[in-house]
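Visitor: Below you'll find the structure I mean.
Bear in mind these aren't lab numbers, they're just calculated from the coordinates by the rules spelled out. What you are looking at is a predicted structure, and each value in this text was computed from that prediction instead of being measured. For neighbour counting, all protein chains shown are included, and Cβ atoms are generated from backbone atoms with ideal geometry for every residue, glycine included.
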Amino acid sequence: MSSVPPPTARGAGVAPDIDKLKAYTKAKQAVAREVRSLKQFLTQQGDPRGADACHELIVRLAEDRFNLAVLGQFKRGKSSLMNAVIGRDLLPTGVLPLTSAITVLRFGPQERLVIYREGSRFTEEAPAWRLAEYVTEKGNPGNRMKIKAAHLELPLELLRRGLEFVDTPGVGSAIEANTATTYGFLPQCDAVVLVTSVETPLTKAELEFVARIREHVRKVFFVLNKMDLLAGAERDEVLRFVSDTLRAHTGEQAIRLFPLSSRLGLAAKMAGDLDAYAASGLKAFEEALAEFLSSERAATSLGSVLDKALRLLTDAAPKDAGAQATQAALTRRMEALGRRLPRLEIAVGDGEMPGLAQPTPSAVAVQQPEQPPSVVAETDLAQDLRTRGCPVCQFVGKTAADFFAHWQYALSSEEAAQTAFTAELGFCPLHTWQLFAMSSSLGISLGYPRLLERLSSDLSRAAGAPAPAGALPCVPDARNCRVCGLLRQAERAYVQRLGEFVRTAEGRQIYARSQGICLRHLRLLVEAVASQDVVEFLLTQAARRFEEVAEDMQGFAVKWEAIRRTLHNRDEEDAYARAVVHVVGESRVCIPWRQDGDL
């Protein structure tokens, strides 16, 4: 007698295909991006339930869960089949139906039962052997315990990589809630094992059930159970009838039917009889299941999430023409992505997301946001000049802060911002760190991947092309930095306005009472006024202020050393800071951190 290899060992020696793993990861990220865009769209359209459904899809992608549900009419042997696959007699079987509760087999380092009740946020734990007390009609008649689901955690290799093997209540029993529960679970299924049996194969109710199943899932395994009840010509006749009926009902010619006896298969496994295991038909079914889980599951799982997202998108009711255009664009992208998923057609290393063309500088117009003239015109220059720092630096700093407050959100949630950011190679180092300081780790993780893929693609091409040593085509700097362009424009506009202000007698009086501006902006202001008298006034005021600040700094130092700190006046106390600001400008427009020690 040959021994049957344990279920946890089968396929354990197969080496992973790294390219396929990379392709799957890139495809999953692309699907997550589209679902995230859909969530934002539904939120804007005032559809919180749709947005919550999108969140659940993102959770599924993050957990990499895959629901393989076993479905069928009452008394088809669903639980027996699951017991046979896992090689243990764990799930309750019998004459009476289960309650209207879902039983989920999932991975856990230790065997345990977790119970979820209707209307309760809290779970309960129990030994695995008590499962029947919660999910059978005998142990829980009429589901009086209000059990919503029972999760049986097992240390099985089959379940380790996110597979959740789901046992559902049989449809068509006297307990109407069972049918409702199973139909309600269909949208959560990624693939299905549909179990019928030789006793009354493929009833009208089952064929209707098949149609409902195929509305929600792409992959269906058709199992004809209890084959040990037939023999010879009768067996062949039932097989032919079921196969022909399924082909006629689904319109597909490539349907594969798995005839088996779960009872004999479980017995063979437990006895270690390899011949009986193969003869039961369970071996062929498990091999097909293992092949699907190792090669087809990835595309099927992602396709299932994408299908559900498309269904949510189709059900949305856009409020206006703009929302309709967004809905249409999302639909086109999701459908294009869906066509590429079956073969995971994602090039590894080219930085391209499936269904989304990778932007290049030539393909995307880099539009620098313009500073509205009214922002500068409405600025109260007299009020601005009361600052003890540089009013131009402060205006530029506020412009940058306003930009980053908007951009850090847009970069994490809007594809247009991510596309432009990638085409522009991001920001210069200074403004990259300022964006970093205002963004969350999640925001950076959402906004930066496409840029990194672009850089990877550019560097790969540069590696294979003749070029001067050390030449890199994609180093971000101030020349292509969106923020630098914005701030230069804001700076010029403000200085121009300030130049007009100091040309007036009243403006010069107010300026003379101020701390002035930093040297860099003084140079720009001198160039802007182009009047000898005004230039002489500005330079004279700056010279006077620097002399006064030098005196204040020395006075501060003397009183500090003499331990007479209470004698310091305000000018002396902040003279050191005013000196630095007026020589080089304020830190937030010069360096991205507050102190060197911050890095």
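Visitor: With point charges of +1 on the Cβ of Lys and Arg and -1 on the Cβ of Asp and Glu, referenced to the Cα centre of the stretch 64-280, which listed residue (Asn67, Leu202, Ser280) lies farthest in the positive direction of the dipole?
Guide: Working it through, the farthest residue towards the positive pole turns out to be Asn67.
Visitor: Please name which of Ala271, Ala248, Pro155 has its Cα lying farthest along the dipole of the stretch 64-280 towards the positive end, using unit charges on Cβ (Lys, Arg +1; Asp, Glu -1) and the Cα centre as origin.
Guide: Towards the positive end, the residue furthest out is Pro155.
Visitor: In addition: In whole Hz, with x marking every Gly and Pro, tabulate ³J(HN,Hα) for the stretch 46-60 from phi via Karplus 6.51 cos²θ - 1.76 cosθ + 1.60, θ = phi - 60°.
Guide: x, 10, x, 5, x, 5, 5, 4, 5, 4, 5, 5, 5, 4, 5
Visitor: From the backbone phi of the stretch 188-195, what are the Karplus-calculated ³J(HN,Hα) couplings (6.51 cos²θ - 1.76 cosθ + 1.60, θ = phi - 60°) in whole Hz, Gly and Pro given as x?
Guide: 8, 7, 9, 8, 9, 9, 9, 10
Visitor: Here's a follow-up. Please give the charge dipole size of the stretch 64-280, origin at the Cα centre, charges +1 on K and R Cβ atoms and -1 on D and E Cβ atoms. Round to the nearest 20 debye. Show your work: numbers first, answer last.
Guide: On the way: 28 positive and 26 negative charges, 86 e Å.
The calculated dipole for the stretch 64-280 is roughly 420 debye.
Visitor: Checking the a/c ratio against 1.5 first, then a/b against b/c, what shape does the Cα gyration tensor give for the stretch 272-315? Please report the intermediate quantities before stating the final value.
Guide: On the way: a/c = 6.91, a/b = 3.63, b/c = 1.90.
Since a/c reaches 1.5 and a/b is larger than b/c, the shape of the stretch 272-315 is classed as prolate.
Visitor: Exposure proxy check: Ser243, Ser301 ranked by fewest other beta carbons within 10 Å?
Guide: Working: Ser243 16, Ser301 28.
By the 10 Å Cβ count, ascending, the order reads Ser243, Ser301.
Visitor: Per residue of the stretch 492-499, in order, report the coupling 6.51 cos²θ - 1.76 cosθ + 1.60 (Karplus, θ = phi - 60°) as ³J(HN,Hα) in whole Hz, putting x for Gly and Pro.
Guide: Values per residue, Gly and Pro as x: 4, 5, 5, 4, 4, 5, 5, x Hz.
Visitor: Oh, and also: Among the trypsin sites (Lys or Arg not before Pro) within the stretch 99-129, which fall in a DSSP loop and have no more than 12 other Cβ atoms within 10 Å of their own Cβ?
Guide: On the way: sites: Arg106, Arg112, Arg117, Arg121; in loops: Arg121.
For trypsin sites (Lys or Arg not before Pro) across the stretch 99-129 that sit outside H, G, I, E and B with at most 12 neighbouring Cβ atoms in 10 Å, the list reads Arg121.
Visitor: Further question: Given Cα positions, please report Rg to Rh for the stretch 64-280, the hydrodynamic radius being the Kirkwood one.
Guide: Working: Rg = 17.1 Å, Rh = 17.8 Å.
Over the Cα atoms of the stretch 64-280, Rg/Rh equals 0.96.
Visitor: How long are the three semi-axes of the equivalent ellipsoid of the stretch 397-550, in whole Å, if each is the root of 5 times an eigenvalue of the C-alpha gyration tensor, listed from largest down? List each step's numbers first, then the result.
Guide: Numbers: eigenvalues 349, 72, 34 Å².
Output for the stretch 397-550: semi-axes of 42, 19, 13 Å.
Visitor: For the stretch 64-280, give the share of DSSP beta bridges that are antiparallel, in percent and rounded to the nearest 5; count only bridges with both residues there.
Guide: Working: 14 of 41 bridges.
Rounded to the nearest five, the antiparallel share is 35 percent.
Visitor: Report the label-to-label distance for Trp129 and Ala405 in nanometres (one decimal), using points 7 Å from each Cα along the Cα→Cβ vector.
Guide: Result for the modelled spin labels: 6.4 nm.
Visitor: Testing the spin-label approximation: label points 7 Å from Cα along Cα→Cβ at Ala512 and Ala550. State their distance in nm.
Guide: Roughly 2.3 nm, to one decimal.
Visitor: Just how far, in whole angstrom, is the stretch 95-156 from the stretch 391-423 if you go by their alpha carbon centroids?
Guide: Going from one Cα centre to the other spans 51 Å.
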